[in-house]
Structure formats: C-alpha cells, structure tokens
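Written out below as structure tokens is the structure these notes cover.
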Amino acid sequence: MAYPLELGLQDATSPIMEELMYFHDHTLMIVFLISSLVLYIISAMLTTKLMHTSTVDAQEIETVWTILPAVILILIALPSLRILYMMDEMNDPSLTMKTMGHQWYWSYEYSDFEDLSFDSYMIPTSDLNPGMFRLLEVDNRVILPTDITARILISSEDVLHSWAIPSLGIKTDAIPGRLNQATLMITRPGLYYGQCSEICGANHSFMPITIEAIPLNQFEKWSLSMI
C-alpha cells in the first residue's frame with residue numbers, strides 16, 4: 001500500500017516485483033553516473049577558457065564515446081530481457097483465476113472450482129467503515145493463497161481495461177476478444193490494492209482491485225464455504 005509523500009516503489013510482495021525493484025535500482029545508478037559525468041563536463045567547459053586542441057580532434061575519444069554507450073545499453077538490456085522472460089514464463093501453475101473487466105467493475109472466476117465466481121464492485125464512500133481506504137475497497141475481495149504459483153487469465157467484455165497491482169508487479173491489459181495471462185506468486189499474507197490502469201470511460205477511477213492473500217489451509221476453507 002502506498003503512503004503519502006512516498007518517493008520510491010511500494011514494498012515488493014512477489015518475486016517478480018523484487019526483480020523489478022533490483023532492475024530499477026540498477027538502471028537508476030547507471031543514469032545517475034551518466035548524469036553526473038555529463039554535468040561535470042558541462043560545468044568544466046563553462047568555467048574554463050582553456051581548450052585542449054589535441055583532445056577535441058582526437059580519434060580515440062570519439063571511439064570511446066561511441067563504444068561506451070553501447071556497453072551501457074547492453075548492461076541495461078540483459079537484466080531487462082531476463083525479467084521479461086520470467087514474467088512471461090508459465091510453468092505448471094497450481095491455481096487458475098479468470099478476471100473479466102466490465103464497465104465499471106471486475107468479475108472473477110476460479111477455474112479450478114465448480115461454480116466459484118463473483119463480481120467485485122467498489123464500496124461507495126458513504127458506506128465505508130473507519131479504517132477503509134476510499135476508492136480502493138471492494139465488496140468482494142479476491143482471495144488468493146500465498147506461496148503458490150497462480151495463473152491469472154485476463155480479458156474484457158466491453159472496452160479496454162487493465163488489471164494492475166503495483167506491489168505484486170503485475171499489470172496486464174484486459175482486451176475484448178483476447179485472453180491475456182499473467183503469473184503471480186504472493187510471498188506473504190496481507191491486503192494488496194490496485195486499480196484499473198487504462199482510461200476505460202467515465203467511471204474509470206471506480207474500478208479498484210483488492211487482493212487478500214491468506215495461507216493455503218485458510219484458502220481451502222474459504223473455497224469450500226463459497227461453493
């Protein structure tokens with residue numbers, strides 16, 4: 001959950017989000033070093049009247065500033081490709097859940113269970129209890145077990161939507177007529193909030209997503225009570 005004046009990313013709650021945060025810090029350090037070097041060179045050129053003519057015309061320095069950016073791009077591209085592969089890899093999921101976007105609410109179906117489906121609407125501000133978050137609470141939360149691999153099938157019945165939970169590192173478009181999938185593993189119990197990240201219409205900001213992660217034994221009891 002984000003907090004006021006937060007400057008960084010939300011705390012990671014899945015292996016994919018942890019990798020994304022490591023990649024973010026890795027890339028940010030490279031950008032910081034490049035920016036510092038460029039700022040130093042610009043400052044040095046503006047504050048001195050001396051000019052080294054042999055350096056200006058040197059072929060060697062042109063070679064360096066051509067090869068060095070290529071090396072930096074490789075250092076950024078290799079971790080990025082690794083994470084993209086991890087996000088797209090789907091290896092024997094233990095649970096499958098189908099998510100459908102509507103104007104303007106979400107519906108969920110647990111494909112591994114018979115007749116386990118429900119709609120999830122945002123709770124109006126006037127009905128919120130103390131401690132609830134405005135525009136983020138829903139009447140039916142998504143219940144998922146921790147420490148297992150879940151496959152999320154995402155689509156839409158009307159317009160473009162996007163199913164996104166920042167702390168879990170997942171953001172997948174819901175497209176009418178197309179079935180997208182994402183992998184998800186939650187490492188610790190808790191409540192995780194997200195919202196539709198696609199401008200889908202007048203009530204776009206009223207499509208929150210709330211995931212409640214619980215241990216597997218409690219999830220089994222919940223699923224039996226819902227059937």
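The values are calculated or read from the model by the stated rules, or taken from the named source; none is laboratory data. All of these numbers come straight from a predicted model, not from anything done at the bench. As a convention, Cβ positions derive from the backbone with ideal geometry for all residues, glycine included, and neighbour counts pool all protein chains shown. Calculation scope for accessible area: heavy atoms of the full protein, side chains included, ligands and nucleic acids excluded. Shrake-Rupley method; radii C 1.70, N 1.55, O 1.52, S 1.80 Å.
Remarks
- Of all the criteria given as (1) at positive phi; (2) touching a Cys at 6+ places or on another chain (Cβ under 7 Å), the one not satisfied by residue 131 is (2).
- Residues of segment 80-93 that turn out to be modelled with pLDDT under 90 and open to solvent by less than 90 Å² (accessible area, probe 1.4 Å), as a count: 5
- Residues of segment 24-47 that are open to solvent by 50 Å² or more (accessible area, probe 1.4 Å) and either under 13 Å from the mean Cα position of the chain (by Cα) or under 30 Å from residue 188 (Cβ atoms) (or both): 24, 25, 26, 28, 29.
- Residue 62 falls short of the stated requirement of being acidic (Asp, Glu), within 26 Å of residue 170 (Cβ to Cβ) and either in the same structural domain as residue 216 (by the TED database) or surrounded by fewer than 11 Cβ atoms within 10 Å (Cβ to Cβ) (or both).
- Residue-level analysis places residue 208 outside the set of residues that are open to solvent by 30 Å² or more (accessible area, probe 1.4 Å) and over 14 Å from the mean Cα position of the chain (by Cα).
- Scanning segment 180-205 for residues that are farther than 13 Å from residue 166 by Cα, under 19 Å from the mean Cα position of the chain (by Cα) and touching a residue at least 24 places away in the same chain (Cβ under 8 Å) yields a total of 13.
- Close contacts from segment 75-88, counting a first residue that is farther than 17 Å from residue 149 by Cα and a second that is part of a helix (DSSP H, G or I) and open to solvent by 40 Å² or more (accessible area, probe 1.4 Å), with Cβ to Cβ under 6 Å and a gap of 6+ residues or different chains, come to 79/23.
- Selection status of residue 155, within 18 Å of residue 16 (Cα to Cα), assigned by the TED database to the domain that holds residue 212 and within 18 Å of the chain's Cα centre (by Cα): no
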